[in-house]
Amino acid sequence: MASNGRTVPRRSAAAASLAAILAGAIACNGPSAADPRLTRIAELEDKVQQQAAALTRKDEEIAAQARTIQELRGFSGARSIDQFVHVSRVEIERLSGGYDDDRDGIDDGVVAYLRLFDSEGDVIKASGSAVLEAYDLAAPEGRQLVAKLEADVAMMRSVWFGKLMTSHYTLKAPWLPDRRPRNSRITLVVRFTDLLSGNVFEAQHVADVKGATP
């Protein structure tokens with residue numbers, strides 16, 4: 001019997017052959033000369049059988065694990081991944097724009113209220129990561145990116161806000177150093193990566209900010 005390229009039975013057959021040879025020696029030389037060697041052969045045969053049984057059990061465990069992995073990867077029909085509730089599109093709420101934490105009349109950065117929708121148009125909460133970028137498209141080339149935030153899965157969980165009237169993720173990004181926008185109108189871009197499907201969704205929103213650099 002072979003298992004995963006291992007030919008354990010050959011050792012058992014060799015041990016049996018040696019036992020037969022030594023058994024012949026008993027007949028010629030008497031039992032006292034051959035008994036210690038026969039005992040050793042018997043011990044080796046037992047050890048080989050134990051190893052073969054252990055290898056068989058290990059092969060069965062590996063095969064069972066492989067079947068489980070195949071089942072998980074091969075969901076179909078009602079169990080297909082397409083049947084799970086997942087993100088179909090994303091949207092930046094219209095109230096997104098600048099935020100002024102110190103209330104001095106000059107925005108300190110941008111905030112985007114991100115909502116996720118399923119295929120039926122309902123707002124949902126889903127695991128994933130997001131990147132928020134704010135652009136002053138009227139600024140010179142190379143200085144148009146004025147704010148950026150990268151939120152991993154853990155951070156996205158912490159910025160979820162769910163209430164009766166609204167449910168969204170709150171993404172805040174301060175201005176980049178020396179990048180306060182020159183214009184009052186900026187473009188917000190959010191890319192959300194759905195952890196379940198791996199799909200990337202993008203939404204854009206044009207917003208007004210206060211205190212643009214002259």
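Magnitude of the charge dipole for the stretch 85-208, about its Cα centre and with charges confined to Cβ atoms of Lys, Arg (+1) and Asp, Glu (-1), is about 40 debye. Ranked by the mean number of other Cβ atoms within 10 Å per residue, highest first, peptides 144-156, 92-104, 122-134 order as 122-134, 144-156, 92-104. Close amide H partners of Ser129, meaning residues 5 or more places away or on another chain with modelled amide H under 5 Å apart, are Thr193, Leu195. The C-alpha atoms of the stretch 85-208 occupy a region whose extents along the principal axes are 42, 30, 24 Å, arranged from largest to smallest. Once you sort the root eigenvalues of the Cα gyration tensor of the stretch 114-156 as a ≥ b ≥ c, which label holds: rounded (a/c under 1.5), prolate (a/b larger than b/c) or oblate (the other case)? Because a/c hits 1.5 or more and a/b fails to exceed b/c, the stretch 114-156 counts as oblate. Between the amide H of Arg182 and those of Thr213, distances stay under 5 Å, these residues lying 5 or more places away or on another chain, with hydrogens modeled in the peptide plane.
Asp104 versus Gln65, label points 7 Å from Cα toward the beta carbon: distance in nm? If labels sit at Asp104 and Gln65, their model points lie 5.9 nm apart. Projected label points at Ser158 and Lys47, each 7 Å from Cα along the beta carbon direction, are separated by 5.8 nanometres. Between Asp108 and Tyr99, Asp100, Asp101, the built amide H atoms are under 5 Å apart, and every one of these is 5 or more places off in sequence or on another chain.
No lab work stands behind these numbers, since they all come straight from the coordinates. Model, not experiment: these values are computed from the prediction. Don't worry about glycine lacking a Cβ; one is built from the backbone with ideal geometry, like all the others, and counts go over all protein chains shown.
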